[in-house]
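What follows is a structure written as structure tokens; I'll ask about it next.
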Amino acid sequence: MLDLKFVRSHLEEIRRMMKERGYDLDLSRFETLDRDRRRILSDLE
């Protein structure tokens with residue numbers, strides 16, 4: 001399992017690696033959910 005911080009900072013690298021392994025991974029959904037999650041956590045604090 002990958003760490004969220006690693007994924008955030010290496011999106012293009014992960015996208016490329018997954019494509020090389022035959023996966024068509026749409027990380028835009030991850031980016032949207034992560035951005036929303038971070039905003040909500042910030043609002044709660």
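Looking at the stretch 11-32 only, could you name the residues that are within 9 Å of the chain's Cα centre (by Cα) and at pLDDT 95 or above?
Correct list: T32 only.
Taking the stretch 29-45, which residues are without any contact (Cβ under 8 Å) to a residue 12 or more places away in the chain, surrounded by 10 or more Cβ atoms within 10 Å (Cβ to Cβ) and within 16 Å of V7 (Cα to Cα)?
Matches in the stretch 29-45: T32, L33, R35, D36, R37, R38.
Would you be able to tell me the number of residues in the stretch 33-45 that are hydrophobic (A, V, I, L, M, F, W, C) and under 12 Å from the mean Cα position of the chain (by Cα)?
Here the count works out to 1.
Let me ask another. Tell me which residues, restricted to the stretch 10-26, are surrounded by 10 or more Cβ atoms within 10 Å (Cβ to Cβ), assigned to a helix (DSSP H, G or I) and free of Cβ contacts under 8 Å to residues at least 12 places away in the same chain.
Hits for the stretch 10-26 are E13, R16, M17, M18, K19.
The values are calculated or read from the model by the stated rules, or taken from the named source; none is laboratory data. This is a predicted model, so every value here is computed, not measured. Here the Cβ is made from the backbone with ideal geometry for all residues, glycine too, and neighbour counts use every protein chain on show.
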